[in-house]
Amino acid sequence: MKITHLCLCGPLTDNWTYQDNLLPKYHKALGYDVSVITSQYIWNDVGDLDIDSREIYYNEYGIKTIRIKSQYNTNVHSKFKKYQNLYKTISNERADILFIHGIQFIDIITIVRYLKKHSEVVVYVDNHADFSNSATNWFSEYILHKVIWKWCGKLIEPYTKKFYGVLPARVNFLKEVYKLPDKKVELLVLGADDERVKEAKANSNRLDIRKKHQINSDDFLIITGGKIDSAKKQILLLMKAVSEIEVDNKKVKLIVFGSVEPEIKDELKLLINGNKIQYVGWISPYDTYQYLAAADLAVFPGRHSVIWEQVVGIGVPCLFKYWEGTTHINVGGNCQFLYEDSVDEIRTKVKEILDNPNFYESMKNNAELYGMARFSYAKIAKESIQ
């Protein structure tokens, strides 16, 4: 049986750890013949958009990857992007299952035209949009999402077995904004790459990361990171909170990773404090797993990112900023939530964990017992096509 993934809403970069990389990987691991149709756009090593000019190749997982050019001078940023030869490309793949990542592109019309002639094809569609990252201005909400993308959703709905929101908030977005039928909408969580989790959990990795940054095995290591921008500026509050814990507990250490927006880089640099608070810059998706697995606690005091599900899937206790529609990452006490953007709250929460070893051990046990099982991409891949 063949599954073709359509990743046409944005860039798809090989060797990254996003859902549109890992679902195909684990569908292939399940024994399916898998291919991917995507744009030519990728993110390069310095975080800029680039073009992969290869037309057909096999990626790092041995998955056939087809990159098609944009049409009519549109590009990845165009609201109404179109692609060359999409109908022919889909036809040539002869897939039994089409897995469409996002419906926010006008070539849904082309896909529906294909499905009208191939009603035997099973279709799954996922959604990565919610009110935190989409529909953030009048035009986007009332024209793009509530008219155009809603129309695209309605157009493909008769041919679709399931629509998946990858967060509870994104399930609600499908129902409330696109008005898709409840019976066809479900949660399909993001997760962690089982293979990389296994590698990262090796005890030697934990020791190597700590040794590299002069952190002792008995130090309590907190890790945070991702793209540090104005939406996630709360990381600076975390750095301040950890610096204030020093008087009470000198063994608390913090590592921050990720790219930083230029306008807050100077402020971040001022908060770096020897090996107590370290900033290690951008790290590769592979190294992200290594660093997270070395942590005693992961703290993400800003907006949701895919790293949340990754760290829960690694089995690390966490502190997360509370956002309505993202509490699915609490799987039985593996995490606590932050409700304010304040140094005081972060410091208090961290100290509660430090001062209560039994409470921390309970968080850790729940993280390893429930978090790793719930956010395994091997398991998620099976669920996605049931």
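One residue alone among Val299, Val316 is among the β-branched types (Val, Ile, Thr), in contact (Cβ under 8 Å) with a residue 12 or more places away in the chain, buried (at least 23 other Cβ atoms within 10 Å of the Cβ) and assigned to a strand (DSSP E or B), and that residue is Val299.
Checking each residue in the range 33-88 for being among the basic types (Lys, Arg), loosely packed, with under 14 Cβ neighbours inside 10 Å and outside any loop (DSSP other than H, G, I, E, B) picks out only Lys88.
Within the range 200-227, residues that are crowded, with 16+ Cβ neighbours inside 10 Å sit with their Cβ atoms under 7 Å from residues that are at pLDDT below 85, at 6+ positions apart or across chains, in these pairs: Gly226/Lys232. State yes or no: is Ile148 out of contact with any Gly (no Cβ under 9 Å at 6 or more places or on another chain) and part of a helix (DSSP H, G or I)? Yes: the conditions hold for Ile148.
Of all residues in the range 322-337, those that are in a loop (DSSP other than H, G, I, E, B) and at negative phi total 7. When the range 172-199 is filtered for residues that are without any contact (Cβ under 8 Å) to a residue 40 or more places away in the chain and either within 22 Å of Asn15 (Cβ to Cβ) or assigned to a helix (DSSP H, G or I) (or both), the ones remaining, listed by number, are Lys175, Glu176, Asp182, Lys183, Lys184, Glu195, Lys198.
The number of residues in the range 260-289 that are part of a helix (DSSP H, G or I) and either farther than 15 Å from Leu237 by Cβ or among the polar types (S, T, N, Q) (or both) comes to 10. Each residue in the range 27-53 was checked for being within 23 Å of Asn92 (Cα to Cα), charged (D, E, K, R) and modelled with pLDDT under 95, and 1 pass. Name the residue that is least open to solvent (accessible area, probe 1.4 Å), counting only residues in the range 338-354 that are not in a helix (DSSP H, G or I) and not charged (D, E, K, R). Here the residue is Leu338. If I filter the range 266-279 for residues that are at pLDDT below 95, open to solvent by less than 30 Å² (accessible area, probe 1.4 Å), of a type in the set (D, E, K, R) and more than 24 Å from His128 (Cα to Cα), do I get at least one hit? Yes: the range 266-279 contains one or more residues that are at pLDDT below 95, open to solvent by less than 30 Å² (accessible area, probe 1.4 Å), of a type in the set (D, E, K, R) and more than 24 Å from His128 (Cα to Cα).
Answer with yes or no whether Lys349 is at pLDDT 95 or above and more than 21 Å from the chain's Cα centre (by Cα). Criteria met by Lys349. Pairs needed: first member in the range 369-383, under 16 Å from His27 (Cα atoms); second member anywhere, surrounded by fewer than 17 Cβ atoms within 10 Å (Cβ to Cβ) and among the aromatic types (Phe, Trp, Tyr); C-beta distance under 7 Å; at least 6 residues apart or different chains. Here the result reads none, with nothing in the range 369-383 linked to a residue that is surrounded by fewer than 17 Cβ atoms within 10 Å (Cβ to Cβ) and among the aromatic types (Phe, Trp, Tyr).
The values are calculated or read from the model by the stated rules, or taken from the named source; none is laboratory data. Fair warning: this is a prediction, and the values are worked out from it, not measured in the lab. Neighbour counts run over all protein chains shown; Cβ positions are idealised from the backbone, glycine included. Remember, those area values only see protein heavy atoms, side chains included, never the ligands or the DNA or RNA. Shrake-Rupley method; radii C 1.70, N 1.55, O 1.52, S 1.80 Å.
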